[in-house]
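Trainee: Pasting in a structure now, in structure tokens, and then I'll have a few things to ask.
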């Protein structure tokens, strides 16, 4: 399995290819109006994640596990980001990089999870969660590049056969800062993304719907993961 599978093959087609539906919704990461980003409280306040990079063991310990979130099954999804996919125009590259869970620069450590509400991912919307360890400046840069891309990029080609449109969404109140957006490939419903930075750790949430309903990153997963990371 390639790294692109983290967000592109969660379901039958995964993030980047869901069921035929052009509907949009509001919420933590449904596409719609909003700046697409949010800055949280002053970094490294009480309870915040360390400002230095977490090691692989620390990242694994901070990731959600089975039983952490009521109503969700959570399994390991050990895909390491290493995919290379080119977006045209180049201004859209940070969005495509996040779609394939391969931000530039790459993280020093990575831990993946798959969360879903039914008996299997195909029963409904599934969410991939990727925890990525950076130094502080690297983590901030990932969010900065996403914000810049969302200001300049509305559509691009590359990565998947069809044209992909991008739209900022309302970011959740989580971590030190957060960005939310939707990516929609022609003839498919939009996949929802939330990217949160807390300390030097970047957490990617990518939700694809297998039911034809608009994808939406569950707030329960975001809050539970960030709370565990900051504990």
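The values are calculated or read from the model by the stated rules, or taken from the named source; none is laboratory data. Every value quoted in this text rests on a predicted model; they were computed, and no experiment measured them. Glycine gets a Cβ as well: all are built from the backbone with ideal geometry, and neighbour counts include every protein chain shown.
Trainee: Return the only residue of 69, 79 being surrounded by 15 or more Cβ atoms within 10 Å (Cβ to Cβ), in contact with a helix residue (DSSP H, G or I) (Cβ under 9 Å, 6 or more places away or on another chain), outside any helix (DSSP H, G or I) and modelled with pLDDT under 90. Walk me through how you get there before you give the answer.
Mentor: On the way: 69 fails: modelled with pLDDT under 90.
Exactly one of 69, 79 is surrounded by 15 or more Cβ atoms within 10 Å (Cβ to Cβ), in contact with a helix residue (DSSP H, G or I) (Cβ under 9 Å, 6 or more places away or on another chain), outside any helix (DSSP H, G or I) and modelled with pLDDT under 90, namely 79.
Trainee: Sticking with this one: For the subset of the range 200-219 comprising residues that are in a loop (DSSP other than H, G, I, E, B) and touching a helix residue (DSSP H, G or I) at 6+ places or on another chain (Cβ under 7 Å), which member is modelled with the highest pLDDT?
Mentor: By that ranking, first place goes to 200.
Trainee: Then there's this: Would you please name the residue that is surrounded by the most Cβ atoms within 10 Å (Cβ to Cβ), looking only at residues in the range 186-199 that are part of a loop (DSSP other than H, G, I, E, B) and either without any contact (Cβ under 8 Å) to a residue 60 or more places away in the chain or out of contact with any helix residue (DSSP H, G or I) (no Cβ under 9 Å at 6 or more places or on another chain) (or both)?
Mentor: Checking each candidate, the answer is 190.
Trainee: Might you check whether a residue that is at pLDDT below 95, more than 20 Å from residue 105 (Cβ to Cβ) and under 12 Å from the mean Cα position of the chain (by Cα) occurs anywhere in the range 220-230?
Mentor: no
Trainee: Next question. Scan the range 119-130 and give yes if some residue there is more than 20 Å from residue 231 (Cα to Cα) and free of Cβ contacts under 8 Å to residues at least 40 places away in the same chain, otherwise no.
Mentor: yes
Trainee: Residues of the range 131-159 being closer than 16 Å to residue 190 by Cα and either part of a strand (DSSP E or B) or modelled with pLDDT of 95 or more (or both), which ones?
Mentor: 150, 153, 154, 155, 156, 157
Trainee: In this structure, does residue 162 turn out to be at pLDDT below 95, touching a strand residue (DSSP E or B) at 6+ places or on another chain (Cβ under 7 Å) and assigned to a strand (DSSP E or B)?
Mentor: Values: at pLDDT below 95: yes; touching a strand residue (DSSP E or B) at 6+ places or on another chain (Cβ under 7 Å): yes; assigned to a strand (DSSP E or B): yes.
When the stated conditions are applied, residue 162 passes them.
Trainee: Here is a follow-up. Can you find even one residue in the range 165-185 that is under 19 Å from residue 100 (Cβ atoms) and outside any strand (DSSP E or B)?
Mentor: So far as the range 165-185 goes, no, none of its residues is under 19 Å from residue 100 (Cβ atoms) and outside any strand (DSSP E or B).
Trainee: List the number of the failed condition for residue 172; all other conditions in (1) under 23 Å from residue 111 (Cβ atoms); (2) surrounded by 24 or more Cβ atoms within 10 Å (Cβ to Cβ); (3) in contact with a strand residue (DSSP E or B) (Cβ under 6 Å, 6 or more places away or on another chain) hold.
Mentor: Going through (1) under 23 Å from residue 111 (Cβ atoms); (2) surrounded by 24 or more Cβ atoms within 10 Å (Cβ to Cβ); (3) in contact with a strand residue (DSSP E or B) (Cβ under 6 Å, 6 or more places away or on another chain) one by one, residue 172 breaks only (2).
Trainee: Sort out which residues of the range 106-130 are in contact with a strand residue (DSSP E or B) (Cβ under 8 Å, 6 or more places away or on another chain), at pLDDT below 80, under 16 Å from residue 206 (Cα atoms) and surrounded by fewer than 22 Cβ atoms within 10 Å (Cβ to Cβ), and write them in order of number.
Mentor: Result: 124, single match.
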